[in-house]
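Written below as structure tokens is the structure these notes are about.
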Amino acid sequence: MAALSADRNTPRLEGDIRQGDAAASVKIYAGALLMRDSSGNLTPGATATGAVGVGRAEAQVDNSSGSAGDLTVDYRPGVYRFDNSTGADAIAKADIGAKCYIVDDQTVAKTDGTATRSPAGIIDGVDANGVWVRLDEALTNAT
């Protein structure tokens with residue numbers, strides 16, 4: 001395309017709720033940690049590679065018997081508290097600012113589980129109830 005030669009009304013994305021295609025054969029629960037798989041579809045957090053955390057599911061979506069893209073998922077990036085892993089994978093306050101990894105749709109871990117887990121996001125805080133994770137796909141991919 002050529003450079004502009006007149007004013008342009010450039011579209012802008014409003015609000016903080018995003019939408020994406022549900023992966024095939026998945027059921028997503030409201031409040032679940034969502035990840036984008038290598039095909040670009042949204043799926044509940046799970047121990048898998050080639051994905052990245054994108055946000056929290058805003059509503060339940062049941063695409064259990066559907067193909068990828070049959071249903072869409074509303075999700076919201078942001079900072080959310082998820083369960084902390086255990087043992088050597090437990091996240092501590094000293095880990096704030098580092099990347100954490102997806103164990104399942106409600107749990108994050110300190111390590112990638114010997115290259116078996118995808119990044120969830122950036123650790124924003126740790127308390128007795130869990131780990132606060134900044135879910136921002138672009139930020140996570142850039143780190």
Checklist entry - Which one of these is over 15 Å from residue 111 (Cα atoms), surrounded by fewer than 16 Cβ atoms within 10 Å (Cβ to Cβ), modelled with pLDDT under 95 and of a type in the set (Gly, Ala, Ser): 25, 5, 39? => result 5
Checklist entry - Out of 138, 115, 142, which single residue is aliphatic (A, V, I, L, M), over 19 Å from residue 17 (Cα atoms) and free of Cβ contacts under 8 Å to residues at least 60 places away in the same chain? => result 142
Checklist outcome for this item: So, first residue within 20 Å of residue 67 (Cα to Cα) in region 32-56, second residue of a type in the set (Phe, Trp, Tyr) and buried (at least 21 other Cβ atoms within 10 Å of the Cβ), Cβ within less than 7 Å, six or more apart or across chains; the pairs are 34/75; 42/75
Item to check | Every pair of residues 6+ apart whose Cβ atoms lie under 7 Å, when the first sits in region 1-16 and is closer than 20 Å to residue 76 by Cα while the second is assigned to a loop (DSSP other than H, G, I, E, B) and modelled with pLDDT of 90 or more | outcome: 16/77
Next on the checklist: Of everything in region 70-105, what is assigned to a loop (DSSP other than H, G, I, E, B), within 18 Å of residue 140 (Cα to Cα) and in contact (Cβ under 8 Å) with a residue 40 or more places away in the chain? Give them in sequence order.
Outcome noted: 77, 91, 105
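The values are calculated or read from the model by the stated rules, or taken from the named source; none is laboratory data. All figures in this text were calculated on a predicted structure; none of them were measured in a lab. Virtual Cβ from ideal backbone geometry, glycine too; neighbours counted across all protein chains shown.
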